[in-house]
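Q: Below you will find the structure I want to go over with you.
The values are calculated or read from the model by the stated rules, or taken from the named source; none is laboratory data. Remember, it's a predicted structure, so these values are computed and weren't measured experimentally. Side chains are part of the model used for accessible areas, which takes the heavy atoms of the whole protein and leaves out ligands, DNA and RNA. Shrake-Rupley method; radii C 1.70, N 1.55, O 1.52, S 1.80 Å.
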Amino acid sequence: MFKEIKILAKLELCNLYGLNVIRFSKDKRVKRRSLGLLAVWLLLLAMVVFYVGNLAYGMIFLGLGEAVPAYLITISSLLIFAFGMFKAAGTIFRREGYDILCALPLPKGAVAVSRLLRMYVEDLLLALAVFLPGMAVYAWNVHPGIGFYFTGLLGIGSVPLIPMAASIFIGTVITAISSRMRHKSLASAGLSIVAVLGIMYGSSRLSAMENMDPQMLKNLSDSVMALLGKVYPPAVWLGTSITGGDILGCAAYTLLALAVFAVAAAGVALCFRKICQALYGSVAKHDYQMGTLKASSVLFSLCRREFARYFSSSIYVTNTIIGPIMGCVLSGALLVTGTETFQGFLPVPIDISQAAPFVIAGVSSMMATTATSISLEGKNWWILKSLPLSTKNILDAKILMGLLLILPFYLLSELLLIIACRPEAGEILWMLLIPAVTILFSSVYGITINLHLPVLEWESEVRIVKQSASSLLGGMGGPVLAILWAVAVGAVPKAYGGYLKAVICFMILAAAAALYRQNNRFDLCGKI
């Protein structure tokens, strides 16, 4: 069985982050796109290294050196859990290759284990990107003993195991439940969103200073370790073992993490085929009756097709709908707590009514559907291109679908925001206009990025929705624009704020119109 797992794992990892395409592809255009994506990942890695290094140095400067390993382990574990919960089902139970692999005489669970190993490698790389820079800064400044390096090397491999096991458990449970439902993708997306909101609510209940003895507050390091113990207790155990050079403690943690991961992996391997059969199996009925045929416009038909494609992918729905939902949640929280109470949670005094539209704009436009809508066509893209449709017809439907999807969340969040802030008549216009303009621009901008950075050959939708350059650059266009807009307005006197908002609003609409015209002239057949 180990031989089969080794071969399957090698197949899973051979094209990780598009490395095989860069090495062997003869298509210069595809190779150039893969190199561009790799450059984006390297840029992100450099930013993470810089941020984590400065964070570790700042903690050491404040006398929190002992808390650095536990803090870094907590950050990497939370990132692994957050990303893993969304991609677990798409990676482990993905349909691509399932029919071929399951028809081969392979041991039961070998395919599932190989896919779990791929997840582990990806999560380990994420943990290394966070852990190594901070630990290097710690070692340079603190000069620990030789035991620190042994425990660090032993412990880093076990960091992804527990959060990965938790994300696999949640992802598998969600997939198992949704596989028994008629609308599997929609049910899976709904359960994932409920899980995310539940986790966010639980995190919001944590308070760094809650239930702490006054004497403890005098020791900042103890306070930080106590908070980390609340958030993720295993990080304190492993971090303390690393700083103290406790090899036995680190080995005990590693064995525990391996045991937890083994239980999760065994559960996935046992139910792998049943879940896949429930997900991909179908029952053909012979009771079809011809109904009344209706004719629709081209835009309406294409838009309906886009909605059908959207709701057929749980990872697509979950990744793009969280932002608009969070916009409603934030507006509702502001209404429930009140602006005065909400102000008390902020580190600096801010005019809530002035800042709220930019926050709602940034959150609602996060991860626009258009940023990956072309890439998700995959190998079926040729069908859409072969139809007697113009570029404008195809792209208009994708933009319209994204706007119609956000519309009810936008209206609800704006209604709650206006009730909570009770702005003057003039401010209501900006509360409505700032998010609307940002959302419109993000939809057009997302299409622009995806036209130039499409990825039509992929094994799993996770590769497109979570790991593509288009999802990163196109999906974050709205939030970045909202931040820049807020900074520009905040930098001028309040008397001139309205004029600046009007100017920037006009510029954004003009830029969106220019991108829209440019997109409609794009040669879909020749360049994609």
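Q: Given the protein chains as shown and a 1.4 Å probe, how many square angstrom of VAL173 are accessible, to the nearest 10?
A: 60 Å²
Q: Can I ask one more? Can you tell me the mean projection area, over all orientations, of the convex hull of segment 327-486's alpha carbons? Units nm², please. Walk me through the intermediate numbers first.
A: Numbers: hull surface 42.5 nm².
In nm², the orientation-averaged hull projection of segment 327-486 is 10.6.
Q: Got a sec? What order do TRP41, TRP458 fall in by accessible area at 1.4 Å, biggest, i.e. largest, first? Kindly include the intermediate steps, with their values, before the conclusion.
A: Working: TRP41 80, TRP458 45 Å².
Descending order: TRP41, TRP458.
Q: Looking at this model, which pairs from LYS26/LYS466; LYS10/LYS392; LYS392/LYS494; LYS10/LYS379; LYS294/LYS466; LYS26/LYS385 are more than 32 angstrom apart at the alpha-carbon? Write out the running numbers ahead of the final one.
A: Numbers: LYS26/LYS466 26 Å; LYS10/LYS392 43 Å; LYS392/LYS494 41 Å; LYS10/LYS379 24 Å; LYS294/LYS466 38 Å; LYS26/LYS385 24 Å.
Checking Cα-Cα distances, LYS10/LYS392; LYS392/LYS494; LYS294/LYS466 exceed 32 Å.
Q: Is segment 446-514 rounded, prolate or oblate when judged by the Cα gyration tensor, a ≥ b ≥ c being the square roots of its eigenvalues, rounded requiring a/c under 1.5 and prolate requiring a/b larger than b/c? Provide the component values of the computation, followed by the final result.
A: On the way: a/c = 6.03, a/b = 2.56, b/c = 2.35.
Taking the square roots of the gyration eigenvalues as a ≥ b ≥ c, segment 446-514 is prolate.
Q: Would you check the accessible area of LEU19, probe 1.4 Å, heavy atoms only, in square angstrom rounded to 10?
A: It works out to around 80 Å².
Q: Protein chains only, probe 1.4 Å: how do TRP381, TRP430, TRP140 rank by accessible area, largest first?
A: On the way: TRP381 5, TRP430 40, TRP140 195 Å².
Greatest to least solvent exposure: TRP140, TRP430, TRP381.
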